[in-house]
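The values are calculated or read from the model by the stated rules, or taken from the named source; none is laboratory data. Note that the structure is predicted; figures quoted are calculated from it, not measured. Every residue, glycine among them, receives a Cβ derived from its backbone with ideal geometry; neighbour counts consider all protein chains shown.
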Amino acid sequence: MASLDHPPQPKASSSGAWRSRVNVRVLQAISFSDPIGGAEKSVIMMREALVLQGHDVCVVSARGEGTNSDFTFPPISHQATSPRSIVRRTWNQAAGRCVREAVRQFKPDVVHFHTLGQLSPAAIRAIGTTPAVMTVHGPEPFLKELLVWYFAPECFRGGEIDRKTLTVPGRVKFVYYSNVQRPLYRRLIERHVQMLIAPSRYIENVVRREGLRVPVRHLPNGIALPKVEPTNRESRRVLFVGRLEQVKGVHILLEAVARILSTGNPVALDIVGDGPARQNLTQQTHALGIAHAVTFHGWLHGQALIDRYRESRVVAIPSICPENFPTVCIEALATGRPVVCSATGGSPELVQDGVTGWVVPVGNVSALSAALEEALQSNAERMAKATRASVEELNVERFVNGLLEIYLDSMK
């Protein structure tokens, strides 16, 4: 059975198209390397696929639970507000030293940066003259257009994430990031990075509007496509997979489930993931009177996660933030499950409304509940074929071959 975290690896093509003739030494740098978020899963997949091709890969990240890195440095607490912690977020000397040492020992041909929050600009400078590329996975400190989505909910009033609702500390933080961190990041990215990689057209357009003097290339993420799971026609289960934080819109999903139950129609919600909003979400299920219909599973991996996909009828991605190119969306479609997603970010690039799922207005409980109900009553077999077909080209072979082209171009 395929595993969504460590799926069966693609086999080298006898024609030689899959196995590159050039050995490349790649240093992957990311804030954390535990297999939870889409960026982290992508790095794990890249490493396995590149090594299979005969390349050498090394990973550097902050230390954390489940860390899968060769070089690590102490993490920065995002809750800390001391002057020292603010300085570390601006310029994390420990991250810089760690990356410099990784470059010295591993001697990479190219450095591939991912999420930067723990790395800070110090890590970019630390690579010296080594060629580098950077995947923009979502909100980063150097993207002013998406900067508010980089902040914690405590930075806003009334739970609405908008520049106009920033608290006084939030406004101070916004000014600080805009006028200190952002220029520092931009200067070092323009000096050290040869190519920016955009998984979605949405993020590509955002990056281009930022005006960075670095080429941008669109390369959709890929995964080792799992086995299509047969759908139980009687299933009334909705699945959410992701980090439990306000921007993921799980609180809206709970209201939509409550609305379905209020009509007398049965529905069950499986929530896979964990995060700072879990306690509030648990309390919300009791306040809505739907605790009996909602199961919090925590993080699941491998077969346990596949079992949740198998039991589900539809996967919900109700984000209020602009998702880039969500891995869970690709996983869901690949396993034959339609997706109900918010009309923001790159998700609508993956979901064809009415064919492979439904695209609903952001934060609209009525539209979300109606789409979920339609999904639960849909022709499961027909949609399963359409969903799988829609992501066939997002296979790991295509993705890694495209990645290698970018690496080789950056090394010229």
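Filtered by the rule that a residue be more than 29 Å from F151 (Cβ to Cβ), surrounded by 19 or more Cβ atoms within 10 Å (Cβ to Cβ) and among the small types (G, A, S), the range 259-296 gives A268, A293. If the condition is being out of contact with any helix residue (DSSP H, G or I) (no Cβ under 8 Å at 6 or more places or on another chain) and part of a helix (DSSP H, G or I), then the range 384-394 contributes A384, K385, A386, A389.
Of all residues in the range 398-410, those that are in the same structural domain as Q53 (by TED's automatic domain parsing) have Cβ atoms under 7 Å from Cβ atoms of residues that are assigned to a helix (DSSP H, G or I) and among the hydrophobic types (A, V, I, L, M, F, W, C), 6 or more apart or on another chain, in V400/M46; V400/A49; V400/L50; L403/M46.
Every listed requirement among (1) assigned by TED's automatic domain parsing to the domain that holds V339; (2) at pLDDT 95 or above; (3) not basic (K, R) is met by I203 save one, (1). Taking the listed residues N221, N265, N232, the one that is polar (S, T, N, Q) and within 30 Å of M134 (Cα to Cα) is N221, with no other qualifying.
Contact map, the range 219-240: residues that are over 16 Å from R382 (Cβ atoms) paired with residues that are basic (K, R) and modelled with pLDDT under 85, Cβ distance under 7 Å, separation 6+ or inter-chain. No pairs are found.
Counted as qualifying within the range 280-362 are the helices (runs of 4 or more DSSP H) with 3 or more residues that are in contact (Cβ under 8 Å) with a residue 24 or more places away in the chain and within 18 Å of K41 (Cβ to Cβ), namely 302-311, 327-334.
Elements of the type helices (runs of 4 or more DSSP H) sitting completely within the range 179-264 and holding at least 3 residues that are in contact with a strand residue (DSSP E or B) (Cβ under 8 Å, 6 or more places away or on another chain) and not hydrophobic (A, V, I, L, M, F, W, C): these cover 201-210. The residue of the range 333-347 that is surrounded by the fewest Cβ atoms within 10 Å (Cβ to Cβ), among those that are farther than 21 Å from R382 by Cβ and in contact with a strand residue (DSSP E or B) (Cβ under 6 Å, 6 or more places away or on another chain), is A343. Any idea which residue in the range 69-105 is modelled with the lowest pLDDT, counting only those that are in contact with a Leu (Cβ under 8 Å, 6 or more places away or on another chain) and assigned to a helix (DSSP H, G or I)? Of everything passing the filter in the range 69-105, T90 is modelled with the lowest pLDDT. Here the condition is being within 23 Å of the chain's Cα centre (by Cα) and surrounded by fewer than 17 Cβ atoms within 10 Å (Cβ to Cβ); of A132, A152, A198, A224, it holds for A152 alone. Mind checking whether some residue in the range 269-278 is at pLDDT below 95 and touching a Cys at 6+ places or on another chain (Cβ under 8 Å)? No, the conditions are met nowhere in the range 269-278.
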